[in-house]
Amino acid sequence: MTLIMEYSTSARPDHCVIEVYDADAYEGDAEAWDRAETEVVAGNGYHLYLRTLQPDLRVEVAIRVWDTPQDPPEGVEGWIGISLESETSELVVNQLTSGPVGMTRLPRPGVYAGHAWWTGRQAAADYYDQNIRGGSRQLDTVEDVRRVLELSPVVERYTLDLWFLRESAPEDEEA
């Protein structure tokens, strides 16, 4: 059980979503987007959608690649099995309207199996509801809102634990 690489960044969940995808996978997937509402993390093989319960607090996203399959850690809020194919070996972490917040290179191109797990999801939503939506504080300016968002004592984290499964299947070429 050796950790081969690890990358992390923070992102703002525009429309309660953060995307992780192969650098050449530009098109989204409405079905996977919808599944993320109930599954928290869902994808179509090239795209993953990470669904938060709040739209503004920054979240931490980590991508880890292991040399062998891993068990999900104990004590997490939730987890789900995933697969992700990267023909370029470059993964992009994206905020929908603000654009990419980071990119990392996988050890090699191919299909990766794994699981996504998260912590702080509900606590971040509760903080957001109590301090922004619920109006327990009077927020008169954009600076007031920004300050409340930045002072959040909760860190919402999503971790993708991946391990190499196989090479990508060659594309069929039409004659």
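What is the one condition in (1) open to solvent by 10 Å² or more (accessible area, probe 1.4 Å); (2) touching a residue at least 12 places away in the same chain (Cβ under 8 Å); (3) closer than 19 Å to T9 by Cα that H47 does not satisfy?
The single condition H47 does not satisfy is (1).
So, of the residues in region 142-160 that are of a type in the set (D, E, K, R) and in contact (Cβ under 8 Å) with a residue 12 or more places away in the chain, which turns out to be least open to solvent (accessible area, probe 1.4 Å)? It would help to see each step written out before you state the result.
Of the residues in region 142-160, the ones of a type in the set (D, E, K, R) are 143-144, 146-147, 150, 156-157.
From what's left, in contact (Cβ under 8 Å) with a residue 12 or more places away in the chain: 156-157.
Details: E156: 3, R157: 110 Å².
The extreme case among them is E156.
Please give the strands (runs of 3 or more DSSP E) falling wholly within region 41-144 in which 1 or more residues are out of contact with any helix residue (DSSP H, G or I) (no Cβ under 8 Å at 6 or more places or on another chain) and farther than 21 Å from V17 by Cβ.
Counting at least 1 such residues, we get 59-66, 99-105, 110-119.
Exactly one of (1) crowded, with 17+ Cβ neighbours inside 10 Å; (2) out of contact with any Leu (no Cβ under 6 Å at 6 or more places or on another chain) is unmet by D56. Its number?
It is condition (2) that D56 fails.
Do we have any residue at all in region 88-108 that's open to solvent by less than 40 Å² (accessible area, probe 1.4 Å) and of a type in the set (D, E, K, R)?
no
Please determine, by comparing only the residues of region 1-28 that are assigned to a loop (DSSP other than H, G, I, E, B) and in contact (Cβ under 8 Å) with a residue 60 or more places away in the chain, which one is least open to solvent (accessible area, probe 1.4 Å).
P13
Could you please let me know if E27 is of a type outside the set (A, V, I, L, M, F, W, C) and at pLDDT below 90? Don't jump to the end; show me each part of the working.
Details: of a type outside the set (A, V, I, L, M, F, W, C): yes; at pLDDT below 90: yes.
It is true that E27 is of a type outside the set (A, V, I, L, M, F, W, C) and at pLDDT below 90.
Test E31 against the stated conditions and say whether it is free of Cβ contacts under 8 Å to residues at least 24 places away in the same chain, under 21 Å from R157 (Cβ atoms), open to solvent by 60 Å² or more (accessible area, probe 1.4 Å) and not in a loop (DSSP other than H, G, I, E, B).
no
The values are calculated or read from the model by the stated rules, or taken from the named source; none is laboratory data. These figures come from a predicted structure and were not determined experimentally. Quick reminder, even Gly has a Cβ in these numbers, built from the backbone with ideal geometry, and neighbours come from all protein chains shown. SASA here: full protein model, heavy atoms, side chains in, ligands and nucleic acids out. Shrake-Rupley method; radii C 1.70, N 1.55, O 1.52, S 1.80 Å.
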